[in-house]
Amino acid sequence: MIRPFKYSKPRFLREALEALEKENTRALAGGSDLLVEMREGKSQPEHIVDVKAIPELSCFSIGKDGITIGGQLSLNELADSKELGQTCPILGDAVRTVATPQVRNRATLVGNLCTASPAADMAPPLFVLNAAVVVASKAGEQRIPIQRFFQGPKKNCLTPGQLVLRVEIPPCSSGRGVFMKKSRVQGHDLATINVAGWANPQDGSLRICIGACGPTPVLLTGSDELYQRAVSRDELLDGLAMLAQDQIAPIDDLRASAAYRRHLVTVFLGRMVRILFPEEGGTSRAS
Amino acid sequence: MLHEIPLYTISVEVNERTYTEKVPAQMTLLQFLRERLCLTGAKEGCGVGECGACTVLLNGKAVDACLVLAVEADQASVRTVEGEARDGELTLLQRAFIEHGAVQCGFCTSGMLLSAQSLLEKNPHPDQEEIVEAISGNLCRCTGYVQILEAIEAVALGREEGG
Amino acid sequence: MSTDQEYRYIGKGISRLDGLEKVTGSAQFVHDMAFPGMLYGKTVKSPHACARIVSIDISEAEKMPGVCAVLVGRELPYKVGIYMIDKDILAKGVARYQGEPVVAVAARSELAAEEACAKVKIVWEELPAVLDPREGLALAAPLVHPELASYSYMKGVFQPQPGTNISHHQKIRKGDAEKAIDQAEIVWKTQFYNPPVQHVAMETHTCIAHALPGSQARIWTSAQSPFTVRNLFSACFGIPHQNIRVHVPYVGGGFGGKAGIHLEPLAYLLSHKAGGRPVKLTMTREEEFGTIPSRQGLYSQFTTGATRDGKIVSLIATYIWDAGAYADYGVNVGRAASYSGAGPYEVPNCRIDSLVVYTNKVFGTAYRGFGHLEVLWGIERNMDIGARQLGLDPVEFRRRNVLRPGAKTITGETISEHTGRVDLCLEKVAEEIGWSGIQTEEERAQARDSGKLRGKGVALLHKAPAMPVFTSSAALLKFNENGSVDLLTSITDYGQGTYTALAQCAAEELKMPIERIHVPWESDTALTPFDWQTVASRGAFMGCKAVMAAARDALQQIKETAAQILRAPVGELVCRDEAVFVAHRPEERLSYREVVMGYSYANGNSIGGPVIGRGHYIAQGLTHLDLETGQGLPALDWTYGAHGVEIEVDLETGEITVLNLATALDVGQVLNAQSLRGQIIGGVVQGLGSALLEEFRFSPQGRLLNAGFVDYKIPTSKDLPRKMSQHMILTEQLDGPYGARGAAEHPMISIPGAIGNALCDALGIDFFELPLNAERVWLGIQRQRSVLQNTLPRAIMLPQAIKLPQTVHLDRGGG
């Protein structure tokens, strides 16, 4: 049972920020994680600040400068956006794997990030897209790279009085992305592992992020160099697998053993690379 | 712990009727519907948004009522299974559920119906994959889903006759 | 064989009678019910698998606002149980599993009850726990129930072994199994494991109890068997039956989990202590997993002997059940699965020892299939492994051994041509999946490059209702003023479609439209006639038999009145289209309506009276099983079946996709085509859960780790086979209603075996443990090269210590 608390739904950002400075106060957007935590007694806030009436959190734009997604946007609002699907299909692919249709009608992208689960399905694509989280406090706005936002299992970098306004994604017109998720059933499930990859032949960058294999999603370092150096797809794949095995730190849990996760990472890196670089042999940087 | 539990006045339209009620913040929309309004069609199967037995339509969208606070539904419109039939006339979907054997124990049925209904209102002629997806957040242990999918498909293909 | 054309309703796809209530949300489940002044119960549960209760302090809890009663075990001198009376209503002295209720609170709201529970202080002393039934059999194992010798139990049926953890030892002895093994041309040994799993009915267990003055009790409960609740409740408290009234309205699924008595005694005691206010006690989903009983785990072991040409000559099987902390139905699961424990095969020499072993885990109870899914997982994999030893096609090996007319079962029952045809089920599914034999290594090697391997497998099944010899049903057909009928039964329809089948039966027999038959959706022990239990695929069989008898009785009453009016002998009258008339003068007819409330002549003289048809049926010809040999007649009817599957395995991830799944059952006669199809598909998908996904996971300390839907996954609409088909074989059951047999449990029974066999066909690897989740399959693929086929993973080796039956500890002090 959820224990009693005080509820407010400010219409101005400043009000919300003030309220959030108080001890034992939590922001409520979709509620799909927070209310479960409260029901299970894992979290017992005294104040809940509903942020769904704050105009600054309702922005949603897709343009030449990139994509901006406000804190109120539900996952299904993203899934239903044809424009987003065309501009950045990798986000749409990831969104549709999160939880159930009902939860996606409530849960927000920002909430998914704020929970900071190592298995968060929206994290890997945002990591490889180089997204940033814009956070407000009474002191002003701050732009935090998503990698820094994730601090540890279920731990983000927010301090009391801070609220995530939006996520900003740089332009992603040049390049190609892939998202993949392995879970125990075809139906809704947390990720056993999830992976996202983004290759940009123009600037020779290859970014790969692996979820559920460490305290936070793991953005592989060294993938650019490999991409630029590799003469064949197989060579790239072998190199990436080695990098990944070196950088991930999966654990045994109810969803899988660490060993199986390690194996899946190699398998899914392979599948991902084959989609990113469909031609046998080369990695087609020239195209 | 709070010594005095604060109450909040909400005004919610449920099945086209407006209710103004004072509720504590911790009351979920599911509790509000079941305990305050005695609309017990939505069920609690898990309380954590995993089973879909409490699915209702909130401003037209399927949601788990166990994961919505009643205060969040202030000024919103809610549809529950009790509001689907009009003047004793079942919806096409309700009729299809009966005719296709889509109902067994019935505990998941209300939620199933509303998930499917929200799909059909958004997309009157969904394909099979879309139908499967639409009810994928509604667990059923009795039917194995097939007759439920067939009932929805019959409506989607216009095989169920109107009126 | 009867044809459908003869019947107006039997065999037709009549839609559920309660469809309207369920699609409009107006069907009331106990989950939905509330009464004025009603309180809410919550419990404090043991955090340990096994621990002594050093002290309980409820003083702060009692002072919490809204609290009306706090109960602890020591104030409750009651024990409850169905076959073995071994369970306290709240743990006393020792808690025997994590999740066992220790303190209970009734308060004015759920929140107040929960907050009071948080204030209860319990000091625990952890004790060594028995977490593995194989270890529980060791001489030095701690005893889960040191007081076993003092417990009452159903004598002549069960055999607890005081001084051990064995709550029941079922023996089946036919011929000389050891000698036949020694002389067999080919002998092979196998071992298997099934984990404990949960039923996952969508409505969790819930009840409302009202303690009334004068030792009276009213109970509304989400249960399968109102009279069993009443009977066990009476036995527990010594309250006479007539003082206890049990209501069962709509029930949100059961699957065996609601067969017996669960929360009702505790809710009643809370109501009593709270001064007689009604108390509602509802399990959360987490409690449904961790507190309410589950399906017990099983370790099985087989030694099989056959002739070189593929005739089985002997089977020695040991079944070790992980029964958990209390016996409940578990002892009977261990018994019933034994008399089916050689599969649907003719086995001339057989020895089965089935040991139901107490452990410090959430306890086992009935679950759709009642032990048969568990034993048949091993039996059907064992058949495929045997076929390989013999160099035979697995379908052919089965063909040579299936029970056919004239064969004797392992309990000595002779199979007749009306018992059912498992051979036809086998042929049907083999045909449906295009069976062409096990793949060769070369064929597999060719496919391996694609990264996906396909495989096919078949598995057979059989099951008879597991029930006492005296099991009975009754039905009343009560005519209304307009000539319509209320059909009263205490069978519970929690989704199976039984009430619709009973109404079809009543309409057929009474010669009237089904629209005029009404089945009230509530059983009430004070108003509806006795029925033993709704379990074991017996409801439609025995219920229809009772309805048929009630219809005969009602028609006789109608005819007796009509005979006077029409001035004709009763024997000359016939009934058709809701009317009674002399056979050759149909134009001079009396409608039922004119007769059923009595008939008035023109001058006012009246005859007859309200017609109430009364019918009953008691299981015919069953005998107790001999305690030492298991010989006897346990089966009302045997339903045979088979599954055939084709799967695809992702070699990289180990993930299985079911491409095609065919099911054939010898149902004798279809009562309702639509609900039978629903039962089969639902059962098959539930079986896929057991085969591929479901298992309880425990910590090394015996704590249940996946008590909820986040980490206990059941199939969703996205997890279905690409294709499923259902096929009925119709070998008339002579004493079945219209020739029908039960078919509710059977669809899920051999799904794991069929999938396991297909997996072996695909990969050439034997799997011995369920579930066949992607990681387990992947591990098997990894081990393929390093481990010889047919050697067993150490994890499921049985201890040497239990060589049966000579070892001292098993025979000591038998009951």
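List of remarks:
- Of the residues making up segment A:123-145, at least one is modelled with pLDDT of 95 or more, surrounded by fewer than 24 Cβ atoms within 10 Å (Cβ to Cβ), under 23 Å from A:Leu57 (Cβ atoms) and under 11 Å from the mean Cα position of the chain (by Cα).
- For the criterion of being out of contact with any Gly (no Cβ under 9 Å at 6 or more places or on another chain), surrounded by 22 or more Cβ atoms within 10 Å (Cβ to Cβ) and not in a loop (DSSP other than H, G, I, E, B), A:Val265 passes.
- Qualifying residue in segment C:668-684 (condition: within 14 Å of another protein chain (Cβ to nearest Cβ) and over 30 Å from C:Met548 (Cα atoms)): yes
- The strands (runs of 3 or more DSSP E) found wholly in segment C:1-107 and carrying at least 1 residues that are within 14 Å of chain B (Cβ to nearest Cβ) occupy C:39-45.
- Residue in segment C:683-701 that is farther than 30 Å from A:Ser257 by Cβ, of a type in the set (A, V, I, L, M), in contact with a helix residue (DSSP H, G or I) (Cβ under 6 Å, 6 or more places away or on another chain) and assigned to a helix (DSSP H, G or I) present: no
- Count - residues of segment C:726-774 that are assigned to a loop (DSSP other than H, G, I, E, B) and closer than 25 Å to B:Thr143 by Cα: 13
- Given (1) within 11 Å of another protein chain (Cβ to nearest Cβ); (2) open to solvent by 50 Å² or more (accessible area, probe 1.4 Å), index of the condition C:Ser717 fails: (2)
- Test: residue in segment B:110-123 that is out of contact with any strand residue (DSSP E or B) (no Cβ under 8 Å at 6 or more places or on another chain), away from chain A (no Cβ under 14 Å) and either open to solvent by 30 Å² or more (accessible area, probe 1.4 Å) or within 20 Å of B:Ala53 (Cβ to Cβ) (or both): no
- Screening C:Gln669, C:Gln674 for residues that are assigned to a helix (DSSP H, G or I), touching a residue at least 24 places away in the same chain (Cβ under 8 Å) and over 19 Å from C:Ala201 (Cβ atoms) leaves exactly one candidate, C:Gln674.
- Candidates C:Ser354, C:Ser416: the one that is of a type in the set (Gly, Ala, Ser) and more than 24 Å from the chain's Cα centre (by Cα) is C:Ser416.
- Checking C:Lys155 against (1) closer than 21 Å to C:Val80 by Cα; (2) crowded, with 20+ Cβ neighbours inside 10 Å, the condition it does not meet: (2)
- Cross-chain or 6+ apart pairs with Cβ under 7 Å, segment B:99-113 first and touching a residue at least 60 places away in the same chain (Cβ under 8 Å), then in a helix (DSSP H, G or I) and open to solvent by less than 10 Å² (accessible area, probe 1.4 Å): B:Ser110/B:Val81; B:Met112/B:Ile148
- Residue selected from segment C:720-746 under the condition touching a helix residue (DSSP H, G or I) at 6+ places or on another chain (Cβ under 9 Å) and within 14 Å of chain A (Cβ to nearest Cβ), by the criterion nearest to C:Glu695 (Cα to Cα): C:Leu720
- Residues considered: C:Leu488, C:Leu453, C:Leu461, C:Leu477. Of these, the only one that is farther than 30 Å from C:Tyr153 by Cα, open to solvent by less than 10 Å² (accessible area, probe 1.4 Å) and outside the structural domain of C:Met728 (by TED's automatic domain parsing) is C:Leu477.
- Yes/no for B:Val103 being over 20 Å from C:Pro715 (Cβ atoms) and crowded, with 24+ Cβ neighbours inside 10 Å: no
- Scope segment C:616-646; condition in contact with a helix residue (DSSP H, G or I) (Cβ under 6 Å, 6 or more places away or on another chain) and surrounded by fewer than 22 Cβ atoms within 10 Å (Cβ to Cβ); matching residues: C:His616
- Output for segment B:12-59, where each listed residue is open to solvent by 30 Å² or more (accessible area, probe 1.4 Å) and away from chain C (no Cβ under 13 Å): B:Glu13, B:Glu16, B:Arg17, B:Thr18, B:Tyr19, B:Thr20, B:Glu21, B:Lys22, B:Asn59
- Test: residue in segment C:486-494 that is touching a Gly at 6+ places or on another chain (Cβ under 6 Å), within 14 Å of chain B (Cβ to nearest Cβ) and of a type outside the set (Lys, Arg): yes
- Of all residues in segment A:223-250, those satisfying the criterion of being surrounded by fewer than 15 Cβ atoms within 10 Å (Cβ to Cβ) and not in a helix (DSSP H, G or I) are A:Val231, A:Ser232, A:Ala249.
- Segment A:148-178, residues that are of a type in the set (Val, Ile, Thr) and crowded, with 17+ Cβ neighbours inside 10 Å: A:Val164, A:Val167, A:Ile169, A:Val178
- Residue list for segment C:351-397, restricted to those being acidic (Asp, Glu) and open to solvent by 10 Å² or more (accessible area, probe 1.4 Å): C:Asp384, C:Asp393, C:Glu396
- Pair list, Cβ under 9 Å, 6 or more apart: segment B:132-157 residue away from chain A (no Cβ under 13 Å), other residue modelled with pLDDT under 95: B:Ala151/B:Glu160; B:Glu153/B:Arg159; B:Ala154/B:Glu160
- When residues of segment C:507-532 are limited to those that are within 24 Å of C:Gly739 (Cβ to Cβ) and within 26 Å of the chain's Cα centre (by Cα), the one surrounded by the fewest Cβ atoms within 10 Å (Cβ to Cβ): C:Val519
- Considering segment A:1-51, the residues that are out of contact with any helix residue (DSSP H, G or I) (no Cβ under 9 Å at 6 or more places or on another chain) and facing chain B (nearest Cβ under 9 Å) include one that is nearest to A:Lys154 (Cα to Cα), namely A:Met38.
- Residue under evaluation C:Asp493, criteria (1) open to solvent by 10 Å² or more (accessible area, probe 1.4 Å); (2) among the charged types (D, E, K, R); (3) not in a strand (DSSP E or B), criterion not met: (1)
- Here B:Leu67 fulfils each of the conditions (1) touching a Gly at 6+ places or on another chain (Cβ under 6 Å); (2) free of Cβ contacts under 8 Å to residues at least 12 places away in the same chain; (3) more than 12 Å from chain C (Cβ to nearest Cβ) apart from (2).
- Counting only helices (runs of 4 or more DSSP H) that sit completely within segment C:261-346, those holding 3 or more residues that are over 30 Å from C:His210 (Cα atoms) and in contact with a Lys or Arg (Cβ under 9 Å, 6 or more places away or on another chain) correspond to C:330-339.
The values are calculated or read from the model by the stated rules, or taken from the named source; none is laboratory data. All figures in this text were calculated on a predicted structure; none of them were measured in a lab. Note that we place each Cβ from the backbone using ideal geometry, even for glycine, and neighbour counts take in every protein chain shown. In case anyone asks, the SASA skips ligands and DNA or RNA and just uses the protein heavy atoms, side chains included. Shrake-Rupley method; radii C 1.70, N 1.55, O 1.52, S 1.80 Å.
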